[in-house]
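Trainee: Sharing a structure below in structure tokens format, with a few things to ask.
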Amino acid sequence: MVNLTIDGRHIQAEEGSTLLSAARANGIEIPTLCHHEALMPTGSCRMCVVEVSKGGRTRIVTSCIYLAEEGLQVNTKSQRVQEVRKLVLQLLMARCPESEVVREVAKEMGVNPEPRFKTSKDKGKCILCRLCVKACESIVGVSAIGLSGRGQTKKVGGPFMEAPQACIGCGSCVYICPTGHIVMEDDGKGHREIWGKTFNMAQCRTCGRYFAPLEQLSFISKATKVPLESLMVCTSCR
Ligand code: SF4
Ligand code: FES
């Protein structure tokens, strides 16, 4: 265990744990956008910045990737921290002005809604956090989508920005996206649209509801060796 203080409170944290998890384990909330407990943190959004002091040196670090250290003093709400978070939000609002989530967080933090930086009109709601890419790669095991381009032109999508052939239509990217950028539509009549692809949905043999893309069920069947027929029941009926 290591001993540190967070917002003046003495905290014990497991060696190797991040400042974010140490704070949250002790009921100290730090705002995040790109953090998800099922995935390794990458420190993309910078919402979780905190101020750390040790040996007379103070600096701003990203709490979701910075490890707890013996004797560290952490301030999660200092003036400097608030200013950096506000700047981060102003940049995020400029990148994706349509994102309700970003606007809502900005409002809660008292950020002026008037754009401070030139706003982008064509980026949708994506903050480039990579959660969708990582979920597709390491949770689903498909790697259908990725980030391409650089700087201003960077965006998420299938290879060459075309409909990703490997996509199985599971929608994990939609569920994990913090800003609602990815659009998935089920028509209720057996079809799902996502990433420019249309999937045929399987119908639950008990209740008749369309519940999952057939491609996803085949993928699961191959990966687990469970016969496809045994997977044709929705989670409620199962
Ligand atoms: S689409 Fe959503 S999850 Fe994917 S990088 Fe953009 S904001 Fe993150
Ligand atoms: S939550 Fe830490 S950088 Fe996004």
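What follows draws every value from the coordinates through simple rules; no lab data is involved. Treat the numbers as computed from the prediction; the structure is a model and nothing was measured. Don't worry about glycine lacking a Cβ; one is built from the backbone with ideal geometry, like all the others, and counts go over all protein chains shown.
Trainee: Below 8 Å between Cα atoms, with a sequence gap of 6+, how large is the relative contact order for the chain in percent?
Mentor: Details: 414 pairs, mean separation 29.0, N = 238.
Relative contact order here is 12 percent.
Trainee: Along its principal axes, what span do the Cα atoms of the range 54-95 show, with the longest given first and each in whole Å?
Mentor: Principal-axis extents of the range 54-95 (Cα, largest first): 38, 21, 14 Å.
Trainee: Say R0 is 30 Å: what FRET efficiency, to the nearest 0.05, do S218 and E137 get from their beta-carbon distance? Please list the in-between numbers first.
Mentor: Working: r = 19 Å, r/R0 = 0.65.
Calculated transfer efficiency: 0.95.
Trainee: Starting from the eigenvalues of the Cα gyration tensor, five times each then square-rooted, give me the equivalent ellipsoid semi-axes of the chain, largest first, whole Å. Can you show the working numbers first?
Mentor: On the way: eigenvalues 299, 108, 45 Å².
Each semi-axis is the square root of five times an eigenvalue, giving 39, 23, 15 Å.
Trainee: Taking the Kirkwood radius as the inverse of the mean 1/r across Cα pairs, report the Rg/Rh of the range 131-231. Mind showing how you got there, number by number?
Mentor: Details: Rg = 14.4 Å, Rh = 14.4 Å.
Radius of gyration relative to Kirkwood radius: 1.00.
Trainee: Using a 7 Å offset from the Cα along the Cα-to-Cβ direction at both D187 and K107, what is the distance between the two label points in nm, to one decimal?
Mentor: Result for the modelled spin labels: 3.5 nm.
Trainee: Hey, which lysines would be in cross-link range of K107, C-alpha to C-alpha under 28 Å, not counting anything within fewer than 8 residues on its own chain?
Mentor: Counting by Cα, and skipping residues close in sequence, K107 has these lysines nearby: K77, K86, K118, K121, K123, K125, K154, K155.
Trainee: For a Förster distance of 35 Å, can you work out the FRET efficiency between the beta-carbons of K86 and A38, rounded to the nearest 0.05? Intermediate values should be presented prior to the final figure.
Mentor: On the way: r = 29 Å, r/R0 = 0.83.
Result of the calculation: an efficiency of 0.75.
Trainee: To continue, here is another question. Can you give the percent of C-alpha pairs in the range 2-108 whose distance is more than 24 Å? Write out the running numbers ahead of the final one.
Mentor: Working: 1331 of 5671 pairs.
For the range 2-108, the share of Cα pairs beyond 24 Å comes to 23 percent.
Trainee: Once you've got the GNM for the chain with C-alpha springs shorter than 10 Å, pick whichever of T224, T119, T32 has the biggest mean-square fluctuation.
Mentor: It is T224.
Trainee: Shifting gears a bit: Can you tell me the order of 6-13, 174-181 when each peptide is scored by its average per-residue count of other Cβ atoms within 10 angstrom, highest first?
Mentor: On the way: 6-13: 15.2, 174-181: 18.1.
Most protected by this proxy first, the peptides run 174-181, 6-13.
Trainee: Expressed as a fraction of 2.2 N^0.38 Å, the rule-of-thumb size for a compact globular protein of N residues, what is the C-alpha radius of gyration of the range 1-52?
Mentor: Numbers: Rg = 11.2 Å, N = 52, 2.2 N^0.38 = 9.9 Å.
Against the compact-globule rule of thumb, the ratio is 1.13.
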